[in-house]
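Asks: Got a structure here, written out as structure tokens. Questions coming.
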Amino acid sequence: MPRISPAAAGGRNVCAFLDTIAHAEIEGLLAQVLDRLTRMEERQNVQSAQIAEQGSRIRELELANAVANANTSALKGRWVAVGAVALGAIGGFLSRIVAPGILE
């Protein structure tokens, strides 16, 4: 904004009056900006807390999922072992029935 000299403004009192008006307008705008910044910081703090809470929930879910996957794979391994033993027993039984006739 261009600077107005006291002579151009119509005297020293008029220039001081204009400076006071400009200062009051700027103060009002600054107050609005500071108010908005304060509200933004408050929202940011609330969102940070929510993000931290959601992060801990995600970690808990990942841990529960890992434990469930470990239990599932252990169960699958057990059933594979049971199936192998069962197939071995069935193969042994059939070899006693079928093999003596083939080998003789």
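Asks: For residue 60 and residue 78, calculate 0.36 nm times their separation in residues minus their Cα-Cα distance, and state this gained length in nm to one decimal.
Replies: 3.8 nm
Asks: Right, here's the next one. Quick check: residue separation of residue 21 and residue 48 times 0.36 nm, minus the Cα distance between them. What number comes out in nm?
Replies: 5.7 nm
Asks: Now a separate question. So what's the net charge close to residue 46: Lys and Arg +1, Asp and Glu -1, counting the other residues with Cβ under 12 Å from its Cβ?
Replies: Around residue 46, the surrounding residues sum to -1.
Asks: What length, rounded to one decimal in nm, is gained on full extension from residue 87 through to residue 37, with 0.36 nm per residue of separation minus their alpha-carbon distance?
Replies: Gain on stretching residue 87 to residue 37: 10.7 nm.
Asks: Moving on to the next point. Hull surface divided by four, with the convex hull built on the Cα atoms of the range 17-71: how many nm²?
Replies: Mean projected area of the Cα convex hull: 3.8 nm².
Values quoted throughout were computed directly from the atomic coordinates according to the rules given, and no laboratory measurement underlies them. Not measured: the values here are computed from a predicted model. Cβ coordinates were reconstructed from backbone atoms using ideal geometry, including for glycine residues, and neighbour counts include every protein chain displayed.
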